[in-house]
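Just so it is clear, none of the values below were taken in a lab; they were calculated from the coordinates. Quick caveat: nothing in here was measured; it's all calculated off a predicted structure. Cβ: placed from backbone, ideal geometry, glycine included. Neighbour counts: every protein chain shown.
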């Protein structure tokens, strides 16, 4: 057995131990598909910057078969890797990656693919996920699309090298596959702020859509079933997952934060971690109660802190002082008071976890609901983007 095959088997054992991989078909796919073919180079964190790693470097193969997400592009610029290789670690914002194998396994199993079905993947990336799909579904059953021509060209080449030949296209994933084919399953390996109508149009009645939501607070996985009328309904899934957004669904940059005075700080019994950490049950409900609110990391490594901001100018800063949680807030709305009120309401509702929420998508509305479509609802997307020049506000 080759070294890479041994590492693949070890990765599968890790996924089994994490309880994210169960189906024999997907176990076989993860054991067979050579991830190293799709990751000849990538970035690794290096003291707040990104170092360039390539095939043959010490530890390269072991890192490829680790359980980590591996960043493959910064700032939408393929040239950043060559620059980092020449000059040393560079700054940048990750814009493409090979996802954690655990979340890939979760999403692939949640897709519930059956033999003979056709699958559309939104977000080709390295091509590794398309290879896993091709191994499971067979020749001619998988299509994949990405907006970046360089990414698609590299993925197509690596897929062929690994023996897989899905249909690869360049295009905006929010518009579906350019050929307009109808699919039984649609899987988006990027996050979206709302469900694109083209996905519903390209999914056969009874077909499934699995994607992640681009929400600053309370993101996660959803699975929708498309109906005969072209609408869709589904659930927020208990198992969580977070992805980079589609380019068209990225959120705007936040402005500079206000600096509170000494007298603005007051103690709170609600830790910021309860609002923001995905492993906390309240986080999903907090995102519904605080639409458009975004967390911002600040303070550096020695004095880390988290602020909440909203485009209307409202803000909250948080700190630990003497073992207690303290917040300061300002702007037109008292955001932290809204968060504390939402926590009380969440407790009164029985502390619902994310899998008690569902999603309805029609031609004129997209919304979350609690327990049933007839229950309480919240808009799926909060439009906090500034109006375009000349547009009505």
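Taking a cut-off of 17 Å, what percent of all Cα-Cα pairs in the stretch 262-348 are separated by more than that? The share of Cα pairs beyond 17 Å in the stretch 262-348 comes to 46 percent. Would any residue of the stretch 102-136 have its amide N under 14 Å from a label point 7 Å out along Cα→Cβ of residue 179? List them or say none. Residues 118-121 fall inside that zone.
Using the average count of surrounding beta-carbon atoms within 10 Å as a protection proxy, the listed peptides 318-325, 99-106 rank, highest first, as 99-106, 318-325. For the stretch 54-147, the spread of Cα coordinates along the three principal axes comes to 49, 29, 21 Å, biggest extent given first. In this simple spin-label model, placing a label point 7 Å from the Cα along the Cα-to-Cβ direction at both residue 325 and residue 238 gives a separation of 2.6 nm.
To check you understand DSSP bridge types, tell me what percent of the beta bridges within the chain (both residues inside) are antiparallel, rounded to 5.
About 75 percent, rounded to the nearest 5.
Estimated from helices alone, the mean residue ellipticity of the chain at 222 nm is -7500 deg cm²/dmol (sum of -39500 (n - 2.57) over DSSP H runs with n ≥ 4, per residue).
The P(r) of the stretch 167-247 has a tail past 20 Å containing 29 percent of all C-alpha pairs. Beta bridges from DSSP with both residues in the stretch 124-226: antiparallel share about 40 percent, rounded to the nearest 5.
Per-residue packing, averaged as other Cβ atoms within 10 Å, sorts the ranges 71-80, 56-65 into the order 71-80, 56-65, beginning with the highest.
Set the Förster distance to 41 Å, then compute FRET efficiency between residue 41 and residue 274 from the Cβ-Cβ distance, nearest 0.05.
0.55
Compute the FRET efficiency between residue 347 and residue 170 as 1/(1 + (r/R0)^6), taking r as their Cβ-Cβ distance and R0 = 41 Å, and round to the nearest 0.05.
Details: r = 49 Å, r/R0 = 1.19.
Given R0 = 41 Å and the Cβ-Cβ separation, E is 0.25.
Normalised by 2.2 N^0.38 Å, with N the number of residues, the alpha-carbon radius of gyration of the chain equals 1.03.
Pairwise inverse Cα distances across the stretch 1-86, averaged and inverted, put the Kirkwood hydrodynamic radius at 14.2 Å. The slack between residue 139 and residue 67, meaning 0.36 nm per residue of separation minus the straight C-alpha distance, is 23.1 nm.
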